[in-house]
Amino acid sequence: MFLSVFDMFKIGIGPSSSHTMGPMVAAAHFLERLKGSPFKAHGLRASLHGSLAFTGVGHATDRATILGLAGFTPEAYDAAKAEETLAQIHATKTIKTEGLLPLAFDPTTDLKFDYDTVLTGHANGMILMATDAQGDVILRDVYYSVGGGFVMTEAELAAGKNTDPGEPIPFPFQTAVEMLDMCRASGKSIADLKRANEHARKTSADLDKDILRLWDVMNDCITRGLATDGILPGGLSVRRRAKAIHESLLAERGLNLSAPHTINDWMSCFAMAVNEENAAGGQVVTAPTNGASGVLPATLRYWLDFVPNASPSQIPDFLLTAAAIGGLVKHNASISGAECGCQAEVGSAAAMAAAGLAAAMGGTPEQVENAAEIALEHHLGMTCDPIRGLVQVPCIERNGLGAIKAVSAASLALRGDGHHLVPLDSVIETMRQTGEDMHEKYKETSLGGLAVNVPNC
């Protein structure tokens, strides 16, 4: 198993990695297939299924799919150009993309939210089709957006979602037990193992520099969120709060009036800033998903701003350690809210952040594994029930609480010697089983929980 740090942390756009970035990536993949097809296409169609249908409007899945078919990608997304392109498509009922003739596409009829047809591979399924001049389908692909911006075709999923055809890596751990055994045998830290694996696959001469670029984007997102107020889009009239909270916290500095627990407000403020940006469709980094993208940056920013002797030079080890833990969760369970609920998103993010913090603060591999275990264990059973399908309530505040749990988990682990009763592998497997047993209405469909018990109009 190998998942790069640049797979776990991808620069993209909000509001959702699985429902916005994933469909856009799938559409781009389909375009490449179409360009290589011997048949001459005249039109395009798309259908969204499962969670992509039920919460697609709130997650901008329809927009993302259309823009993907028009050649947009998450990493090079231009918001102004996207709005212009969408307006042209709606006006002309035609999609123009480089390398293909203009293709007929009416957003009102050629993109369907199919609530009835179940695609069995994953809860986030979509079908993309190209048609000839008579309207007959000449190319058809089924795609699954499996969380965190990862996309697989139906054939790839059937072949085995955990296959890894790349070059061999020196430390191919697939479980936390294997990871710790390799640490003991080699004398290396978890970050060292991950760095060695990255160097076996990555051509860049400066891995740490590229990793620091990820933190720059995360931190820029925090900065934008702390400076922006107003109402979030989507119709719930949710007011941005991070800016006002931040200003209040700054005003209290130096007054000797703050309670010790105010530090929790700082962590929540950082996390909420990120997730408010995500909800507004801004640039974020999957960590491991968009819906949970505030937990890790908030934890890292807390460490840099408030923990004595914290140094930016340790950021690569923080993120490499976090990526190693996230890879274990994705490989052995899921990071998809539509598959396992929010325990798979905010729970995984908290485990990653706790591990990264424990490592940055000098923890042993055993203490790091314990930190991840504590954080994930105490998110088990968490549902994903966003009101109106928007990544706003309860998602924004939930990231703040996830960061607080991550810091608490790392602190508890560092107070011990790494020995503990419940292994991380057992918690990951429990999360997988719990997600499998969880009713579909609590897995990013907005058909249960807060989504139906809170007025959303």
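Remarks
- Residue that is surrounded by the fewest Cβ atoms within 10 Å (Cβ to Cβ), among those in segment 74-104 that are modelled with pLDDT of 95 or more and of a type in the set (Ser, Thr, Tyr): 92
- Qualifying residue in segment 209-225 (condition: of a type in the set (A, V, I, L, M, F, W, C) and more than 30 Å from residue 169 (Cβ to Cβ)): yes
- For segment 1-43, filtering for residues that are closer than 19 Å to residue 126 by Cβ, in contact (Cβ under 8 Å) with a residue 40 or more places away in the chain and outside any loop (DSSP other than H, G, I, E, B) leaves 20.
- Selection count, segment 128-150, where residues are touching a helix residue (DSSP H, G or I) at 6+ places or on another chain (Cβ under 9 Å) and either without any contact (Cβ under 8 Å) to a residue 60 or more places away in the chain or among the aromatic types (Phe, Trp, Tyr) (or both): 4
- Residue list for segment 108-124, filter: in a strand (DSSP E or B), under 9 Å from residue 47 (Cβ atoms) and open to solvent by less than 70 Å² (accessible area, probe 1.4 Å): 111, 113, 114
- Note on segment 59-73: residues that are open to solvent by 20 Å² or more (accessible area, probe 1.4 Å) and within 16 Å of residue 129 (Cα to Cα) total 2.
- Qualifying residue in segment 197-217 (condition: farther than 27 Å from residue 339 by Cα and touching a strand residue (DSSP E or B) at 6+ places or on another chain (Cβ under 8 Å)): yes
- Counting the residues of segment 125-149 that are more than 13 Å from residue 34 (Cβ to Cβ) and open to solvent by less than 50 Å² (accessible area, probe 1.4 Å) gives 12.
- Among the numbered conditions (1) more than 25 Å from the chain's Cα centre (by Cα); (2) outside any strand (DSSP E or B), the only one that residue 172 does not meet is (1).
- Residue identified as assigned to a helix (DSSP H, G or I) and modelled with pLDDT of 95 or more among 402, 381: 402
- The residues on offer are 258, 268, and the sole one that is in contact with an Asp or Glu (Cβ under 9 Å, 6 or more places away or on another chain) and either in contact (Cβ under 8 Å) with a residue 12 or more places away in the chain or surrounded by 15 or more Cβ atoms within 10 Å (Cβ to Cβ) (or both) is 268.
The values are calculated or read from the model by the stated rules, or taken from the named source; none is laboratory data. Just so it is clear, the model here is predicted, and its values are computed rather than measured. Please note: Cβ atoms are built from the backbone with ideal geometry, for glycine as well, and neighbour counts cover all protein chains shown. Each accessible area value is taken on the protein alone, full model and side chains, heavy atoms only, with ligands, DNA and RNA left out. Shrake-Rupley method; radii C 1.70, N 1.55, O 1.52, S 1.80 Å.
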